[in-house]
Amino acid sequence: MSMADEKKIPLIAIIGPTAVGKTALSLSLARALKGEIVSVDSRQVYRYMDVGTDKVSREVCREIPHHLINVADPDQPFSAADFVRGAQDAISRIHARGFVPILAGGTPFYFHAFERESLCEELPSDWGLRERLEKLPKVELARRLEDVDPESARRVHPNDGVRLLRALEIFELTGRTATQWYTEQAARSGVRASRYAIFYIGLTQPYEILYERIERRVREQFESGYAEEVKWLLDRGYDPRLPALQGFGYRELVRYHEGTMTYEEALAGDVRSTKAYARRQRTWFTKFEHVRWFDVSQCGGAEALVSELVPMCECHLAGEE
RNA sequence: GGCGGGAUAGCUCAGUAGGUAGAGCAGCGGACUGAAAAUCCGCGUGUCCCCAGUUCAAUUCUGGGUCCCGCCA
């Protein structure tokens, strides 16, 4: 083991699709390992969105500190770059205090950005510019990108408005193409080693069982005041077009309150979108390297899993891999 | 009981001036560099309700039947 490896901060990371049981496991591991949780969830960062995002309760947060939960208002854009900065900061503080940082959550893009440190600090964004560009038809966006950055144009599908917009935004704001930025950054990250040694624990479950759990969970959310939460956000003046309100459940319940969708349709739509999301998560997570995968429907229950995992984690934390 | 409308993919429906059919949604797979619970891409064999008739050929036309939905009794 080299000097560089010894200096790395060891982390535990729990990944897997929504409703597979990441939160429960993260709490058990935090108790067993003297850990604190770093939430890797693009929706739990927002305040006032509790029921729909399955946040842990205040009591639990008092017992086990949670980071990157409730750090933005629903109308404050929160980006993957904000996450990476926040996570790095939280991890330093947890580590300095002598506790174990446990990353847990279902947003694969955030894990990806964090591990690769793939977002350049210097790259800006500008929501006003996005709004202006958004008014143009996609073919026009694609044509412009073809002009300024043909390589990005080849990489981005002409129908993928969000990515066309981002590539154009980078060019407009910096005068240099996304391709140039990414090439430089790839060269840089090639020489700089990661500051962290991450032990990935992956939870899976056959879709048949996972889908049942998703259905049950969404039902519980609807019975626990999900509709009222969305009503409250709307009454407070939050624009339904905000990114924070585009998640499943939220967007359906907005339509329910507008009267363009029934309660039952909103529930069914939420379940469907959540299932589709679980599939997208799997597409991401199965590409992650060095993950210890556990099928939670086959490993003899959560408790058996915890007692198996604790020694493995301790081993990793001691730097023995 | 009478009159009309309908029966096609898991669902909602389009279509074939007769040559065995296709959209949206769902489902499945994939992509992803500052919106990521977002955004985007790919994948479509199904007794075209049943029986008979006309025809070289019927999911399509004709007759009968079954079921569903309206309206009238």
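Read-outs: derived from the displayed coordinates by stated rules, not from any lab. What you see is a predicted model, and the numbers here were worked out from it, not measured in a lab. Please note: Cβ atoms are built from the backbone with ideal geometry, for glycine as well, and neighbour counts cover all protein chains shown.
How large is the helix-only mean residue ellipticity at 222 nm for chain A, computed as the sum of -39500 (n - 2.57) over DSSP H runs with n ≥ 4, divided by its residue count, in deg cm²/dmol to the nearest 500? Write down the numbers at each step before the final one.
On the way: 15 runs with 178 residues, N = 321.
Roughly -17000 deg cm²/dmol at 222 nm, from the helical runs in chain A.
Listed highest first by mean packing, meaning other Cβ atoms within 10 Å per residue, what order do A:60-72, A:106-118, A:187-199, A:39-51 come in?
Descending mean neighbour count gives A:39-51, A:106-118, A:60-72, A:187-199.
Calculate the radius of gyration of the Cα atoms of the stretch A:173-308 to one decimal place, then report Dmax, the largest Cα-Cα distance, as a whole number, both in Å.
20.7, 56
So, in nm, how far is label residue A:131 from label residue A:276 when the simple model puts each one 7 Å beyond its Cα toward the Cβ?
Modelled inter-label distance: 2.7 nm.
Return the Cα extents of the stretch A:96-255 along principal axes one, two and three, sorted largest first, each rounded to a whole Å.
Dimensions of the stretch A:96-255 along the principal axes of its Cα atoms: 52, 45, 36 Å.
For the stretch A:224-256 and the stretch A:67-82, what is the centre-to-centre distance using only Cα atoms, to the nearest Å?
Spelled out, the Cα-based centre of one part sits 17 Å from the other.
Determine which residues of the stretch A:285-321 fall in the zone a paramagnetic label at residue A:197 would reach in this model, i.e. backbone nitrogen under 20 Å from the point 7 Å along Cα→Cβ.
Under 20 Å, as judged by backbone N against the label point of residue A:197, lie A:289-293, A:309-321 of the stretch A:285-321.
Give me the three principal axis extents of chain A from the C-alpha atoms, as integers in angstrom, largest value leading.
The Cα atoms of chain A stretch 56, 54, 34 Å along the principal axes, largest first.
Compute, for chain A, the length of the dipole vector about the Cα centre, with Cβ point charges of +1 (Lys, Arg) and -1 (Asp, Glu) only. Units Debye, rounded to 20.
Once rounded to the nearest 20, the dipole reads 320 debye.
For an R0 of 22 angstrom, estimate the FRET efficiency from the Cβ-Cβ distance between residue A:139 and residue A:112 and round to the nearest 0.05.
0.15
Please compute the volume of the convex hull spanned by the alpha-carbon atoms of the stretch A:2-94 and report it per residue in Å³. Show your work: numbers first, answer last.
Values: hull volume 11.3 nm³, N = 93.
It is 121 Å³ per residue.
Can you list residues whose amide H is under 5 Å from residue A:67's amide H, if they're 5+ apart or on another chain and H is modeled 1.01 Å from N?
A:37, A:38, A:39
Between residue A:7 and residue A:62, with labels modelled 7 Å along Cα→Cβ, what's the label distance in nm to one decimal, could you check?
4.1 nm
Taking amide H positions as placed 1.01 Å from N in the peptide plane, with prolines and chain starts having none, which residues 5 or more places from residue A:294, or on another chain, fall under 5 Å of its amide H?
Amide H neighbours of residue A:294, under 5 Å, 5+ apart: A:202, A:203, A:204.
Kindly work out what percent of the DSSP beta bridges joining two residues of chain A are antiparallel, to the nearest 5.
Antiparallel bridges: around 0 percent, rounded to the nearest 5.
When only C-alpha pairs under 8 Å and at least 6 residues apart count, what is the relative contact order of chain A, in percent?
This gives 27 percent for chain A.
If one puts a single equal scatterer on every Cα of the stretch A:149-237 and applies the Debye formula without solvent, what log₁₀ I(q)/I(0) results at q = 0.16 Å⁻¹?
The computed values of log10 I(q)/I(0) come out as -0.89.
For chain A, set up a Gaussian network in which alpha carbons nearer than 10 Å are linked by springs, and say which option among A:156, A:271, A:254 fluctuates the most.
A:156
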